[in-house]
1. For the chain, what does the relative contact order come out to in percent, with C-alpha contacts under 8 Å and a separation of six or more?
2. How many percent of Cα pairs in the chain exceed 26 Å?
3. Taking the Cα centre of region 15-59 as origin, work out the dipole magnitude from +1 charges on Lys and Arg Cβ and -1 charges on Asp and Glu Cβ, in debye rounded to 20.
4. Could you give each residue of region 85-92 its phi-based ³J(HN,Hα) in whole Hz, using Karplus coefficients 6.51, -1.76, 1.60 with θ = phi - 60°, and x for Gly or Pro?
5. If you keep only loop residues by DSSP, which trypsin sites (Lys or Arg not before Pro) in region 1-54 have at most 15 other Cβ atoms within 10 Å of their Cβ?
6. Tally Lys/Arg at +1 and Asp/Glu at -1 over every other residue whose Cβ is under 15 Å from the Cβ of L48; what's the total?
7. What number comes out for the charge environment of A69, summing +1 per Lys or Arg and -1 per Asp or Glu over other residues with Cβ under 12 Å away?
Amino acid sequence: MDRQAALCRILHVAELQRECGLTMRDVLTQVQYLQWREHFEADDLLLLVEREPALVTQWQAYSEDKRTAGGWYLQHDVLGRLDRMASRERWPTPAQATAHYIVRELDFWAGLGG
């Protein structure tokens with residue numbers, strides 16, 4: 001599995017790990033996210049997200065189910081910071097919004113996204 005596919009599927013891993021009491025930070029540490037983060041951007045994930053529409057649904061469900069005030073939110077083709085409601089950004093497609101959401105959300109929990 002290539003890194004972009006692994007990144008997009010990290011949601012599934014995170015859900016399984018959460019059942020064991022691990023946080024998203026724990027999961028990102030386990031998959032060594034910081035070591036390979038510099039090798040991709042959101043645009044690198046876009047083709048994969050467009051090819052697998054279920055990823056849009058899964059990441060939107062993850063966003064809706066969050067129980068924290070930290071990180072980002074995703075609503076269809078809009079994303080923003082949970083702690084800064086004025087940060088809303090609309091993207092041309094839900095797939096584009098999702099690709100950017102994945103990277104921003106994971107960067108946030110890895111300590112990269114301010």
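1. With pairs under 8 Å counted, the relative contact order is 25 percent.
2. 10 percent
3. Value, rounded to 20: 180 debye.
4. 4, 6, 8, 3, 10, 9, 10, x
5. R9
6. -3
7. Surrounding charge for A69 is +3.
Just so you know, all these numbers are worked out from the coordinates, no wet-lab data involved. These numbers come from a predicted model, not from an experiment. So basically every Cβ, Gly included, is an ideal-geometry build from the backbone, and we count neighbours across all protein chains shown.
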